[in-house]
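Here the structure comes first, spelled out in structure tokens, and everything after it is commentary.
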Amino acid sequence: MTTGMHAPAAAGDDEHGMSGAYWVDAVARAMRPAPAVLDEYTIATTARSARGISGDLSDVAVDEKRGYATITVGDVMGKGLASGVLAANLLGSLEVFRQEPPGEAVDAAETATRDHFERASAFATLFHARLRFRDGRIEFVDAGHGLTAHAHTSGAVERIPSADFPIGLQPAGMPRLPRILHLAPGELLLIVSDGLFELPGATIDTLTQLATNLRTAPDLQLALSAFMKAAGPNLDDDTTLTAIRRHP
């Protein structure tokens, strides 16, 4: 056979490829929250996957009646479909318990998904929080994530360390440790997945520098999107960025 020649595509191959791409895109859209612009806050997210289906998870749910928003950012180990399925499973469990305080919600979601993570020998890091609109109080659980930065109006940026084990590694019966921070007018909280540090030119200071820049950006969603676009067409790891800004 002459080299360089390929067997003709079977009928329907193009359609199959197109439907597969559509399915991947639909799942990605479903796993990515829309920006929320409120009277006193803007909550924006951008995310890109390294291999079609992302192992990152993110969600923003606004409950104006109760006066709070629930914000979630997480990262299942690995990449691709297997990680994406676990991410969707964890996110779905958190949605079921969304009205519970963060500590109780994470405990319940971990219990619901523990068998899945154990069978897959996998774990996930997770930041799950509730923002109370009236005073900027944020109650949160950080399960092995540790990739959050709090940008103050003074110019200082505080990194928020993790206090718990990742999902799938916390010993059964050991409760999560909810913590509290306050977002003052003009301040910003940035939560990212570890793919941030795989971007071209990224350093250990990228998280805090990005939080500083976003705090005063004219349009928070556009600024996040522009940052990700500048990373180029190919990523080494799934990357998710979620920013919460309280208006001055």
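Regarding ALA112, is this residue farther than 21 Å from MET228 by Cα, in contact with a helix residue (DSSP H, G or I) (Cβ under 7 Å, 6 or more places away or on another chain) and surrounded by 15 or more Cβ atoms within 10 Å (Cβ to Cβ)? Before you say what the answer is, go through the steps one by one.
Values: farther than 21 Å from MET228 by Cα: yes; in contact with a helix residue (DSSP H, G or I) (Cβ under 7 Å, 6 or more places away or on another chain): yes; surrounded by 15 or more Cβ atoms within 10 Å (Cβ to Cβ): yes.
Yes; evaluated as a whole, the condition is true for this residue.
Among the residues of the stretch 230-248, write down those that are out of contact with any helix residue (DSSP H, G or I) (no Cβ under 6 Å at 6 or more places or on another chain) and open to solvent by 10 Å² or more (accessible area, probe 1.4 Å). Outline the logic, then answer.
So the first thing to find is which residues in the stretch 230-248 are out of contact with any helix residue (DSSP H, G or I) (no Cβ under 6 Å at 6 or more places or on another chain), and the list is 230-235, 240, 242, 244, 246-248.
Answer for the stretch 230-248, where residues must be out of contact with any helix residue (DSSP H, G or I) (no Cβ under 6 Å at 6 or more places or on another chain) and open to solvent by 10 Å² or more (accessible area, probe 1.4 Å): ALA230, ALA231, GLY232, PRO233, ASN234, LEU235, ARG246, HIS247, PRO248.
In the stretch 166-192, how many residues are within 21 Å of ALA109 (Cα to Cα), assigned to a loop (DSSP other than H, G, I, E, B) and touching a residue at least 40 places away in the same chain (Cβ under 8 Å)?
Looking only at the stretch 166-192, we keep the residues that are within 21 Å of ALA109 (Cα to Cα), and these are 166-180, 191-192.
Subset that is assigned to a loop (DSSP other than H, G, I, E, B): 166, 168-178.
Restricting the remaining residues to those that are touching a residue at least 40 places away in the same chain (Cβ under 8 Å) gives 166, 168-170, 172, 175-178.
Of the residues in the stretch 166-192, 9 are within 21 Å of ALA109 (Cα to Cα), assigned to a loop (DSSP other than H, G, I, E, B) and touching a residue at least 40 places away in the same chain (Cβ under 8 Å).
What's the total number of residues in the stretch 34-52 that are without any contact (Cβ under 8 Å) to a residue 40 or more places away in the chain and either open to solvent by less than 40 Å² (accessible area, probe 1.4 Å) or on the phi > 0 side of the Ramachandran plot (or both)?
2
If ILE244 meets every condition in (1) over 19 Å from VAL37 (Cβ atoms); (2) under 18 Å from the mean Cα position of the chain (by Cα) apart from one, which number is that one?
(1)
If I filter the stretch 233-241 for residues that are closer than 30 Å to ASP107 by Cα, in contact with an Asp or Glu (Cβ under 8 Å, 6 or more places away or on another chain), touching a residue at least 40 places away in the same chain (Cβ under 8 Å) and assigned to a strand (DSSP E or B), do I get at least one hit? First the steps, then the outcome.
From the stretch 233-241, those closer than 30 Å to ASP107 by Cα are 237-241; that's our starting set.
From what is left, the residues that are in contact with an Asp or Glu (Cβ under 8 Å, 6 or more places away or on another chain) are 237-240.
Adding the requirement that they be touching a residue at least 40 places away in the same chain (Cβ under 8 Å) leaves 237-240.
If we keep only those that are assigned to a strand (DSSP E or B) as well, we get 239-240.
Within the stretch 233-241 (the criterion being closer than 30 Å to ASP107 by Cα, in contact with an Asp or Glu (Cβ under 8 Å, 6 or more places away or on another chain), touching a residue at least 40 places away in the same chain (Cβ under 8 Å) and assigned to a strand (DSSP E or B)), the answer is yes, since at least one residue qualifies.
Pick out the one residue from GLY84, GLY55, GLY74 that is surrounded by 16 or more Cβ atoms within 10 Å (Cβ to Cβ), in contact with a Lys or Arg (Cβ under 6 Å, 6 or more places away or on another chain) and not aliphatic (A, V, I, L, M).
Working: GLY84 fails: in contact with a Lys or Arg (Cβ under 6 Å, 6 or more places away or on another chain); GLY74 fails: in contact with a Lys or Arg (Cβ under 6 Å, 6 or more places away or on another chain).
Just a single option satisfies the conditions, and that option is GLY55.
Show the residue pairs meeting these rules: Cβ distance below 8 Å; 6+ apart or different chains; first residue within the stretch 89-111 and more than 15 Å from THR125 (Cβ to Cβ); second residue surrounded by fewer than 19 Cβ atoms within 10 Å (Cβ to Cβ) and of a type in the set (Val, Ile, Thr).
Sorted first by the residue in the stretch 89-111, then by its partner, the pairs are ALA108/VAL96.
If I go through the stretch 164-180 residue by residue, how many of them are surrounded by fewer than 12 Cβ atoms within 10 Å (Cβ to Cβ) and within 20 Å of the chain's Cα centre (by Cα)?
So the count comes out to 1.
Pull up the stretch 126-145, narrow it to residues that are without any contact (Cβ under 8 Å) to a residue 60 or more places away in the chain and open to solvent by 20 Å² or more (accessible area, probe 1.4 Å), then point me to the one that is farthest from ARG179 (Cα to Cα).
ASP135
The values are calculated or read from the model by the stated rules, or taken from the named source; none is laboratory data. Note that the structure is a prediction, hence the values are computed from the model and not measured. Note that we place each Cβ from the backbone using ideal geometry, even for glycine, and neighbour counts take in every protein chain shown. With ligands, DNA and RNA removed, areas are computed over all heavy atoms of the protein, side chains included. Shrake-Rupley method; radii C 1.70, N 1.55, O 1.52, S 1.80 Å.
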